[in-house]
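In what follows, a structure is listed as structure tokens, so that the remarks can point back to it.
The values are calculated or read from the model by the stated rules, or taken from the named source; none is laboratory data. Fair warning: this is a prediction, and the values are worked out from it, not measured in the lab. Here the Cβ positions follow ideal geometry from the backbone for every residue, glycine too, while neighbour counts run over all protein chains shown. Remember, those area values only see protein heavy atoms, side chains included, never the ligands or the DNA or RNA. Shrake-Rupley method; radii C 1.70, N 1.55, O 1.52, S 1.80 Å.
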Amino acid sequence: MEQAILQTVALTKSFDASPPVLKNITFSIKKGEVVVVIGPSGCGKSTFLRCLNLLEPIDSGEILLDGKEISSDKKNIHKYREKIGMVFQSYDLFPHKTVLENVMLAPVLVQKKKKEEVKKEAEALLDRVGLLEKKGMYPRQLSGGQKQRVAIVRTLMMHPEVLLLDEITAALDPEMVREVLQVVLELAREGMTMVIVTHEMDFAKAVADRVIFLDKGEIVEEETPQEFFNYPKTERAKKFLNTFHFEALEI
Amino acid sequence: MDFEFIFTYIPTYIEAAKLTIKIGACGIAGAFVVGIICSLIIELKIPVLRQLVQIYIELSRNTPLLIQLFFLYFGLPKVGIVLSSKACGVIGLIFLGGSYMAEGFRTGIENVPKIQRESAYSLGMTKKQTFWKIVMPQAVATSVPVFCANVIFLLKETSVFSAVALADLMYVTKDLIGLYYKTDEALMMLVVSYLVILLPISLVSSWIERRVRYAGFGNTGSV
């Protein structure tokens, strides 16, 4: 079997003294795979992604990147994060920098790449998401969907091995959701390895190679999207999927 | 109103205003530097220094400038440190202003949303890079209104300098009143002098605030 890029072994995480938000999560993703994590709110999806990006310390278990344990190596934490890109729900562009400066900052500062090369690549990527003409603007002059596309480009500029997307359309107006998801779909087609947390079920069906259903901090089901959405095995998953069918509600 | 008197003493007031501005500018620049350093010490949680800074801030904010000046001018000579009036003025202003600047800037740092740091980290930036490239510029921008307010506040505070024999605007005014009993004229010139100094600063600072806001600094923005 092909080796996993990113893996967790028995990952457990709790906040303060409360019961753990993630219990014993064992998970792995191979190169080119797209895994969608879904589940009711508060089930630990976002925390899971934040743990993968080492933004949250974990209680026990392991996180492996290319087979190497990374969660306990605080010294090189930024080196690992370079390889694990993350896009957040809120528009988190740097407000004091223009679009172009936002996407160029990390490659120049962190990877010490040449400015001209980075600029060329940045412009090409911005062009691809249809935002080249906005390159001189400040984030506050953009719509939510545009900001989120810039945020994706900013992360892609680092050439991460795996991309974590944390409900990136949850704060967007409905008409802007599509332009952002379109970009993600294209990335999936090009073979980008991604872990996606989303509430857009149709999008999950379209993009996922594998669906993980998380509830109360545990992996309840792990299936292909066809299996999961058509024939969910557990009561919990059935109940969750039903909340997306309005015609099933009694009026 | 004795206009002849006023015209005669305009040069005196200009001299005094120059002194007020000079001491004020030195004191404010120093306060700015002290403030930034203090807030960095607190923000970066440097042990021992942090506690000292905290004590300094409480001491500075909870004692009047006049008392601080008395301490410098009349107290320190008792232990053999004799400072000139000007030095007392500048040091006093730095001592007072440093804490206000520090508090203002610390609030600015705290107002930078957590997600800003996290997105920088997730791009592989180190803590240091994140602090200097992402947090600092936004913190400075959000602190601009506080800094401007502090500049005006500190310039007004200079009016107590006369207590340590510094020939500033207030000193000259009291002098003229004492010598010639021209109370109305002298006080009017005092008010006008302060207005002439402070109004332009006030206008410039609101212009800077607008510019900073226009550039979208310190504002994650909404849809």
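Quick look at the numbers
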{"quantity": "Principal semi-axes in Å for segment A:128-251 [√(5λ), Cα gyration tensor, largest first]", "calculated": "31, 18, 12"}
{"quantity": "Selected from B:G24, B:G108, B:G75 as most flexible by GNM, with chain B as the system and alpha-carbon contacts under 10 Å", "calculated": "B:G75"}
{"quantity": "Accessible solvent surface per residue of segment B:3-214, calculated while the other protein chains remain in place, 1.4 angstrom probe, Å²", "calculated": "51 Å²"}
{"quantity": "Helix-only [θ]222 nm of chain A, DSSP H runs n ≥ 4, -39500 (n - 2.57) each, per residue, nearest 500", "calculated": "-10500 deg cm²/dmol"}
{"quantity": "In segment B:1-61, trypsin sites (Lys or Arg not before Pro) in a DSSP loop with at most 15 other beta-carbon atoms within 10 Å", "calculated": "B:K45"}
{"quantity": "Point-charge dipole on Cβ atoms (K/R +1, D/E -1) for the protein assembly as shown, about Cα centre, debye to 20", "calculated": "1280 debye"}
{"quantity": "All aspartates and glutamates inside 18 Å of A:K238 as judged from Cα atoms, apart from same-chain residues fewer than 8 positions distant", "calculated": "A:E200, A:D202, A:D215, A:E218, A:E221, A:E222, A:E223, A:E227, A:E247, A:E250"}
{"quantity": "Cβ-placed point charges (K, R +1; D, E -1), dipole of segment B:1-115 about Cα centre in debye, nearest 20", "calculated": "460 debye"}
{"quantity": "Inter-chain Cβ neighbour average for residues A:80-87, partner chain, 10 Å", "calculated": "3"}
{"quantity": "Tilt relative to chain B, helix B:183-214 - C-alpha long axis, 0 to 90 degrees, to 10", "calculated": "20 degrees"}
{"quantity": "Exceeding the 31 Å Cα-Cα cut-off - candidates A:K31/A:K147; A:K83/A:K119; A:K120/B:K133; A:K97/B:K22; B:K22/B:K133; A:K205/B:K128", "calculated": "A:K97/B:K22; B:K22/B:K133; A:K205/B:K128"}
{"quantity": "Counting DSSP beta bridges with both ends in the protein assembly as shown, the antiparallel % (nearest 5)", "calculated": "55 percent"}
{"quantity": "Prolate/oblate/rounded call for chain A, Cα gyration tensor, a/c under 1.5 rounded", "calculated": "oblate"}
{"quantity": "Cα shape, the protein assembly as shown, gyration tensor, a/c 1.5 rule", "calculated": "prolate"}
{"quantity": "Cα centroid of segment A:51-109 to Cα centroid of segment B:38-59, whole Å", "calculated": "30 Å"}
{"quantity": "Antiparallel bridges, percent of DSSP beta bridges restricted to chain A (to nearest 5)", "calculated": "55 percent"}
{"quantity": "Number of partner chain Cβ atoms within 10 Å, mean per residue of A:94-103", "calculated": "5"}
{"quantity": "Rounded, prolate or oblate (a/c below 1.5 giving rounded, otherwise prolate when a/b exceeds b/c) for chain B by Cα gyration tensor", "calculated": "oblate"}
